[in-house]
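The values are calculated or read from the model by the stated rules, or taken from the named source; none is laboratory data. Keep in mind that this is a model prediction, so the values were computed, not measured. Cβ placement follows ideal geometry from the backbone for every residue including glycine, while neighbour counts extend to all protein chains displayed.
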Amino acid sequence: MLLLKLLSRTPLFILYLFSDFLFFVSYYVVRYRLRLVRKNLRNSFPQKTETEIRTIEKQFYKNLCDYAVETLKLLTISKAELTKRMRYVNPDVAQKFMNEKKSVIILASHQFNWEWLLAVGSLYIQVDFAYQEQSSNLFNNFSLAGRSRFGAYPIKRHQVARESLARKEVLRGIAIVADQFPGKATDKKYWTSFLNQPTAFYQAISQLAVLLQYPVLYLAIRKIKRGYYEAEYLVLDEPPYEKGSDRVVDNYVKATEKIIQENPAGWLWSHNRWKKRD
């Protein structure tokens, strides 16, 4: 970790030069998950030409490499620099609920750069975030160090419901990036059409909203230019929620699809999102 922190002090413009080199190696030499990325793009955008698909995939790899160096920089970047580069355009939306003494559930997707999104969000309100433990202790510690650097509270994915109830007296936002494939046998799946194909989502995000009866917000991220992003809160739903309601997950799917269609290269296409189909 000490070495990573030292590397993190490298100025961003130099880190972006390394990102350019990383892009060349990952895309042209190693071809990192290129077959999977191309398949995901073709299935998601059947109306696009092969030239358009190649343009999106190249920009995706550039974004992915920028994400890597930006996440490294998160270990030492100042609050002032970070808030200049990840700007929340309407933080008052979440603050309104805080002023009313209402905690919220905050959903996001794997739009670049979701790591910066969490770090900046925790500067405005108390944030609890769900995370999946990694098999590598080094990577796990590195990930948690950046995400919790400005006070965000980590909760293991399988403990979200229990921890959320235990911390119910804490006024906060519960942040979940919920667009992964729900691959565990215990995960309840919500099947729907997403990006032109049958797709499973975590039904648990609706169940959590029903359990806690919290308003649910969505954070849409847009990359303005290299190293600069905007985040916008959208109100997905508000209580009361009836038992068994899937309104929240359904609204989440629609919001996620919309932001991906607006900026296809900004989503994590290298994830094996469609491992199984209904």
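Yes/no per residue for (1) surrounded by 20 or more Cβ atoms within 10 Å (Cβ to Cβ); (2) more than 17 Å from Arg172 (Cα to Cα):
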position: Met86; (1), (2): yes, yes
position: Gln95; (1), (2): no, no
position: Glu100; (1), (2): no, no
position: Trp116; (1), (2): yes, yes
position: Val127; (1), (2): yes, no
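Of the residues making up region 259-278, those that are at pLDDT 95 or above and either on the phi > 0 side of the Ramachandran plot or within 15 Å of the chain's Cα centre (by Cα) (or both) are Ile259, Ile260, Asn263, Pro264, Ala265, Gly266, Trp267, Leu268, Trp269, Ser270. Of the residues making up region 233-278, those that are among the hydrophobic types (A, V, I, L, M, F, W, C) and either in contact with a His (Cβ under 8 Å, 6 or more places away or on another chain) or under 26 Å from Lys39 (Cβ atoms) (or both) are Val249, Val253, Ala255, Ile259, Ile260, Ala265, Trp267, Leu268, Trp269, Trp274.
Scanning region 133-146 for residues that are farther than 15 Å from Leu4 by Cα and in contact with a strand residue (DSSP E or B) (Cβ under 8 Å, 6 or more places away or on another chain) returns a single hit, Glu133. Scan region 133-143 and give yes if some residue there is farther than 19 Å from Val69 by Cβ, touching a residue at least 40 places away in the same chain (Cβ under 8 Å) and within 17 Å of the chain's Cα centre (by Cα), otherwise no. The answer is no; no qualifying residue exists. The helices (runs of 4 or more DSSP H) falling completely within region 1-72 that include 2 or more residues that are surrounded by 15 or more Cβ atoms within 10 Å (Cβ to Cβ) and without any contact (Cβ under 8 Å) to a residue 40 or more places away in the chain map to 34-44.
Would region 113-122 turn up any residue that is hydrophobic (A, V, I, L, M, F, W, C) and over 26 Å from Lys223 (Cβ atoms)? No, region 113-122 has no match at all. Of the candidates Gln180, Gln134, Gln111, the single residue that is out of contact with any Leu (no Cβ under 7 Å at 6 or more places or on another chain), closer than 29 Å to Gly227 by Cβ, at pLDDT below 95 and crowded, with 16+ Cβ neighbours inside 10 Å is Gln180. The conditions of being of a type in the set (Ser, Thr, Tyr), in contact (Cβ under 8 Å) with a residue 60 or more places away in the chain and either more than 25 Å from Leu268 (Cα to Cα) or buried (at least 20 other Cβ atoms within 10 Å of the Cβ) (or both) are not met by Thr192. Scanning region 236-278 for residues that are free of Cβ contacts under 8 Å to residues at least 40 places away in the same chain and of a type in the set (Asp, Glu) returns Asp237, Glu238, Glu242. Taking the criterion of being among the charged types (D, E, K, R) and either in a loop (DSSP other than H, G, I, E, B) or touching a helix residue (DSSP H, G or I) at 6+ places or on another chain (Cβ under 6 Å) (or both), the residues of region 141-189 that qualify are Arg147, Arg149, Arg167, Lys168, Glu169, Arg172, Asp179, Lys184, Asp187, Lys188. One residue stands out among those in region 85-108 that are without any contact (Cβ under 8 Å) to a residue 40 or more places away in the chain and part of a helix (DSSP H, G or I): the one that is farthest from Gly227 (Cα to Cα), which is Asn99.
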